[in-house]
Each structure stands twice: as structure tokens, then as C-alpha cells.
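The values are calculated or read from the model by the stated rules, or taken from the named source; none is laboratory data. Keep in mind it's a predicted model, so treat the numbers as computed, not measured. Note: ideal-geometry Cβ built from the backbone for every residue, glycine included; neighbour counts use all protein chains shown.
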Amino acid sequence: MRKGLIVGGVVVLVGGASAALYSRAASRDDSGFKTVAVTRGGVVEKALAVGSIRPRQEITVKSKISGIVKRSFREVGDRVKAGDPLFEIIPDPTPLELTEARREVEIARNIYEQAKKRFDRSETLRKQGIVASQDADVADKEIQDAQIRLKLAQDRLALVEKGRVMGDQQLQVSVESIIRAPTTGTVLELQVNQGDPVVPLTSFQAGTPLATLADMSTLIFKGTVDEIDVGKLKEGMPARIKIGALPEAQVDGSVEKIAPKSKTLEGATLFDVEIALQPGPGVTLRAGYSANADVVVREKKDVLLLPERLVTFDGGKASVELPPATPDTEPAKKVVTVGLSDGLNIEISAGLKQGELVVERPPKKIE
């Protein structure tokens, strides 16, 4: 019984070795040269863009009043409409700001009271016919101006103390401490938490970013292309997007924008590009996905192909080596006409037929 097992094992080993030797010899001709057959397929000349998936437009929300974040009404990923509340800001004035606002109210009130006394005296004299109507008009204007200054000072004090100003029906002033969404979109990022201080947006300072909103239905690819390839690109060219997080996803697109000016990054000259996306069914894209875009410059289908490493270029002519007729002779050189190349495979326009064998020389050893 054991003899039978041993003999069977030897037969299996011999059969496996024979199969391995046959598979190796299948790619070599009778002369011992390794060969590659001409195949038929498609070839694409493309330019590579490296970048990521981004919203077409991101909006940073900021506050127009200073204070402390009291409450956040939204979470990251929430969908909001224009006007929906995002944050509530409570005032946190410095002692100096509060003192200045109160002093301005006192000064404005004194000015108003003095103007009112002059107006009352002028009105009495006007009724007695002692003061001309022109002087009475001046007194009337003074008291109106003083009243407006007092109201402005009171509103500023209310804004500093409470963060809210309610004006009269005539002026329709309403400034509140609720920060609202300026547009419809999705909350991508919350940059402040409850209790964080907030610096207002003014003409002299950028202000504290509170949140970032974007319309996720208009995602695009934003990336860069090397200066060597940018001359081949045109707006409207098709592109195929490869997303690192979704290797099986099919996402097509078309070139939308090509920057007119380059930028330098780590010694390389690059141009910004934007590609409109057309994701396939069932593909969910998220902002920030890293991706590469193959912009199709030219494409040919159903043509004869050969690995470009087997083609020799000399004096503007392309040639390949054919297997020798006899084992003791060298491969014969044959001139061919080549076409489109993708860097790996090259189109054979004339000179070879499908299935014809071409010699592949072993790589030269570096000594």
C-alpha cells in the first residue's frame, strides 16, 4: 500500500514539473528567444490629474457680533435651508466696551435734553411772534438729530449688553444673536463649540469661522496637471475618475476649467483643473475623497497592440525584431508603422498582423 502511494506521488511530481516546463516554453520559439504576440484591443492617450472630490462652492459662516457660543442647533451632516438657525451667540463685552456704550447713552441723552429745552423755548417765542419761523425750524432739526443720536446710542448699548436690538416700526431695525444659514446646503464642518469665544466679521478683521456649508449635489473634481500635459487639454474633454476609497466605483466627467496661470509646488510646475462629475448608479461621493482623473486626450479601439518596450526607435523609424528562421541565426529586424501610445502599449498601424510573434530581449544587466 505504501509503495503505491510513493509511486503515485512521483507521478504527480513529474506531471507537475512537465506542466511548469511547458508553460515556460510556450512563450519561447524554437530558437530559444522569448516572444510576445501582437494582440488587438484599445489604447488611450491620457493626461493624469491628481486631486480630490470637492463641493463646487463652500460657504464659511461667520458672526457679525462678538460674544460666546451659547448653543449650536446643528450637527455635521445636517441638511439646512437658507434662514435656518445655526448658532446662538450671547454677548460678552469687555468692561471698557460696556462703559463706553453707557457713557455714549448719557452724552446723547444730555444733548437731547439741551436740544429739547431750546426747542421748547423757541416754540414759545414763535407762538408769541418774537422768533422767526426759520429759527424755529433750526431748533426743530436740532431736537430731531439729538433724538436719533440718543436712539443709536441706546441701540448700541442694548446690542453690547443683550446681543439684540429691536428698532421702532419706522426704522425696522432687527439685529439678533441667532446666526442663520445664508444658503441651502449640508453642514460639512462645525468649527466652534459651546463656550467658545467669537470675534465678529468687520471691515478690519476676518472674524471667527463658525461652520462650513456646501451643496453636496454639485460635487466636482479639483486637482492639478503637470505642465507637460496641460497643453493637450481642452475644456469638454472626457475624464475617468479613480477614487481611492471607492476602487470599484465608476465615475465619469468632463473638463470644465483649466487654470490660465501655473503654480509651483515642491519644484513642479502645475496647473489647476476642475472636472464636472457624472457618478454611476449607486455611487455615493463625499467631499474630501482623494482621487485621480485620467483625462482622455485621444482614444482608439480595436487596433493592433504591442508592448512599447519591444519597439526600437532610430532615426525617426520604428522597428521590431522577429524570431529567426533557424536556431543558429539572429532575430530579423522589421520596420513597422506605429500610432497612438499610452506609455505601456503602442498601436501598430502597419507591418505586423494579429498573432504574429515579436522577440522580447532580456533587460540589460547594470554592472
query: Can you tell me which residues in the range 47-60 are hydrophobic (A, V, I, L, M, F, W, C) and either buried (at least 21 other Cβ atoms within 10 Å of the Cβ) or closer than 30 Å to G343 by Cβ (or both)?
result: A47, L48, A49, V50, I53
query: Name the residues in the range 325-359 that are charged (D, E, K, R) and within 10 Å of L305 (Cβ to Cβ), would you?
result: D342, E347
Residues satisfying the stated conditions in the range 176-203, i.e. out of contact with any Pro (no Cβ under 7 Å at 6 or more places or on another chain) and part of a strand (DSSP E or B): I179, G185, T186, V187, L188, E189, L190, P197, V198
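Each row is one residue, and each column tells you yes or no for (1) closer than 30 Å to I220 by Cβ; (2) without any contact (Cβ under 8 Å) to a residue 40 or more places away in the chain.
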site	(1), (2)
I59	yes, no
A108	no, no
E113	no, yes
D140	no, yes
task: Look through the range 302-330, keep the residues that are at pLDDT below 85 and among the charged types (D, E, K, R), and return whichever of them is surrounded by the fewest Cβ atoms within 10 Å (Cβ to Cβ).
output: D328
- prompt: Could you list, in sequence order, the residues of the range 282-336 that are of a type in the set (V, I, T), within 15 Å of E45 (Cα to Cα) and in contact with a Gly (Cβ under 8 Å, 6 or more places away or on another chain)?
  reply: V303
task: For the range 238-279, enumerate the residues that are β-branched (V, I, T) and within 12 Å of G223 (Cα to Cα).
output: I241, V255, I258, V273, I275
field: Flag if G236 is surrounded by fewer than 15 Cβ atoms within 10 Å (Cβ to Cβ), among the small types (G, A, S) and either in contact with a Gly (Cβ under 7 Å, 6 or more places away or on another chain) or assigned by TED's automatic domain parsing to the domain that holds L277 (or both)
entry: yes
field: Residues of the range 44-70 classified as assigned to a strand (DSSP E or B), among the small types (G, A, S) and within 30 Å of D155 (Cβ to Cβ), total
entry: 1
